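Shown below is the structure under consideration.
The values are calculated or read from the model by the stated rules, or taken from the named source; none is laboratory data. Predicted model, so just to flag it, every value in this text is computed and none were measured. Cβ: placed from backbone, ideal geometry, glycine included. Neighbour counts: every protein chain shown.
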Amino acid sequence: MITLPHQNIWKLFVIKGSLWFMIIMPVIVLFFQDHGLNLQEIMILQSCYSLALGLMEIPSGYAADILGRRKTLILGCILAFIGFSVFSVSYDFWWFLAAQIFLGLGNSFISGADTAIMYDSLLEVKAEDRFLKYEGRSVSIGNFSEAAAGIIGGFLAAISFRYPAYAQVVVAMITIPFAFSLVEPKTQTKQLKNSWKSIISVVKFSLVESKILRTYIIYSAIMGIGTLMMAWLAQPFLKDIGIGMKNYGVIWALLNILVGIVAFLAYRIDKKIKPLKSLTLIFISSVFGYVLIAQNMNYLGLMILFLFYANRGYATPLLRNYINKHTESNVRATVMSIRSFIIRTTFAIVAPFIGWIADHEGLSSAMMAMSVIIALVGGICLVWFFKNQKETALYH
């Protein structure tokens with residue numbers, strides 16, 4: 001029997017697994033298209049979701065630091081349940097939009113608070129050095145969960161697109177009692193004052209005063225945008241290369257199993273590779289992943305897609321760990337939310353543009369456009385890392 005250092009850890013694993021048990025996700029683009037939406041309209045919906053999430057990211061992260069991570073997680077789980085409930089009975093763009101807003105708000109209260117409560121739970125029992133290990137396991141559990149859900153979703157969608165949507169409501173309900181059962185960690189540094197001025201001071205420190213934290217946040221954000229966009233372009237890609245409906249769930253499952261395995265091993269890989277090499281590997285895999293898939297809209301491109309997802313499994317827990325290493329406990333949720341805010345607001349701006357390119361110029365052109373965006377922003381960050389090697393090599 002595995003003994004965890006804090007009772008919150010296994011409950012967070014359950015919440016993570018439930019939140020990522022996305023039965024609808026493997027076919028969601030086809031679901032929207034079945035209701036008459038084109039790819040640009042689908043991307044607009046995702047932009048609105050990201051905007052709702054992004055605009056609340058920093059306030060919700062700050063709320064987690066002030067009111068407690070447990071309370072904000074509870075609120076987030078309830079709002080997510082409402083969002084999926086609305087989604088399951090929606091049939092047109094505007095009702096889907098309402099559902100996306102509820103889901104965006106819900107996930108904003110979950111995002112940042114879940115990572116913060118895990119790190120501080122470990123800090124409370126002086127086991128914070130094991131954060132990467134457990135964060136990797138959390139990401140792994142999420143992706144294994146999404147893999148299992150993908151298989152179910154593919155088969156349910158083959159019968160009716162509505163069945164995955166209904167099942168998603170039941171899954172969302174599971175998170176609520178576990179969120180209520182969490183215990184607020186006692187470990188805190190000086191308490192923040194409840195004011196917008198305090199929020200601004202945290203944002204200023206994260207994005208202006210601390211150069212290394214700013215660079216890690218921006219670098220992590222652009223890689224997050226890349227993986228998020230790929231999740232929405234992958235389904236049209238599978239459709240273009242002739243993958244059958246029932247196989248969508250299987251492929252989605254395999255992709256997420258791969259992410260889960262790599263995330264599970266991330267802390268071991270990190271011990272053998274220096275931070276600069278890891279950061280460079282993540283950059284190259286992200287940029288050239290898009291380029292190579294764009295140039296190979298066939299089964300070879302599908303193989304490259306698997307490599308892209310493997311990179312996601314390594315990058316996600318690793319970059320979160322780097323950010324946490326440079327963040328104090330009392331502002332941890334807010335700082336993690338700043339990262340998510342950048343991801344979501346940038347995605348909200350970029351997604352309709354990428355959707356328009358895909359509709360008018362083709363999916364290959366849309367992927368090439370994403371590779372350029374990642375190369376420009378990620379490249380600037382990578383240059384800074386190399387110029388400041390002493391700071392980036394603190395952990396090895």
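Conditions (1) modelled with pLDDT of 85 or more; (2) out of contact with any Pro (no Cβ under 6 Å at 6 or more places or on another chain); (3) surrounded by fewer than 22 Cβ atoms within 10 Å (Cβ to Cβ); (4) over 26 Å from GLY153 (Cβ atoms), marked per residue:
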residue: PRO185; (1), (2), (3), (4): no, yes, no, yes
residue: ILE222; (1), (2), (3), (4): yes, yes, no, yes
residue: ILE243; (1), (2), (3), (4): no, yes, yes, no
residue: PRO275; (1), (2), (3), (4): no, yes, yes, yes
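Considering the range 214-270 alone, what residues qualify as being part of a loop (DSSP other than H, G, I, E, B) and within 23 Å of PRO352 (Cβ to Cβ)?
Across the range 214-270, there are no qualifying residues.
Here is a further query. Based on what the data block shows, is LEU319 in contact with a Phe, Trp or Tyr (Cβ under 8 Å, 6 or more places away or on another chain) and closer than 29 Å to ILE58 by Cα? Step through it out loud before you land on a result.
Details: in contact with a Phe, Trp or Tyr (Cβ under 8 Å, 6 or more places away or on another chain): yes; closer than 29 Å to ILE58 by Cα: yes.
Yes.
Taking the conditions exactly as written (out of contact with any strand residue (DSSP E or B) (no Cβ under 6 Å at 6 or more places or on another chain), of a type in the set (Ser, Thr, Tyr) and buried (at least 19 other Cβ atoms within 10 Å of the Cβ)), does SER337 satisfy them or not?
It is true that SER337 is out of contact with any strand residue (DSSP E or B) (no Cβ under 6 Å at 6 or more places or on another chain), of a type in the set (Ser, Thr, Tyr) and buried (at least 19 other Cβ atoms within 10 Å of the Cβ).
Taking SER111 as meeting all but one of (1) within 22 Å of ILE23 (Cα to Cα); (2) at pLDDT 85 or above, write down the number of the exception.
Just one mismatch for SER111, condition (2).
Consider ILE66 carefully, then state whether it is under 29 Å from SER181 (Cβ atoms) and either within 20 Å of the chain's Cα centre (by Cα) or assigned to a helix (DSSP H, G or I) (or both). Outline the logic, then answer.
Details: under 29 Å from SER181 (Cβ atoms): yes; either within 20 Å of the chain's Cα centre (by Cα) or assigned to a helix (DSSP H, G or I) (or both): yes.
Yes.
Examine the range 203-215 for a residue that is touching a Phe, Trp or Tyr at 6+ places or on another chain (Cβ under 9 Å), more than 22 Å from ILE152 (Cβ to Cβ), at pLDDT 90 or above and of a type outside the set (D, E, K, R), and state whether such a residue exists.
Taking every residue of the range 203-215 in turn, at least one turns out to be touching a Phe, Trp or Tyr at 6+ places or on another chain (Cβ under 9 Å), more than 22 Å from ILE152 (Cβ to Cβ), at pLDDT 90 or above and of a type outside the set (D, E, K, R).
Would a scan of the range 280-302 turn up a residue that is farther than 25 Å from MET367 by Cβ and assigned to a helix (DSSP H, G or I)?
no
Go through the residues of the range 40-62 one by one and say whether even a single one is more than 19 Å from the chain's Cα centre (by Cα) and free of Cβ contacts under 8 Å to residues at least 40 places away in the same chain.
no
I need the full set of residues from the range 23-48 which are part of a loop (DSSP other than H, G, I, E, B) and either in contact with a Cys (Cβ under 8 Å, 6 or more places away or on another chain) or surrounded by fewer than 21 Cβ atoms within 10 Å (Cβ to Cβ) (or both), in order please.
HIS35, GLY36, LEU37, ASN38
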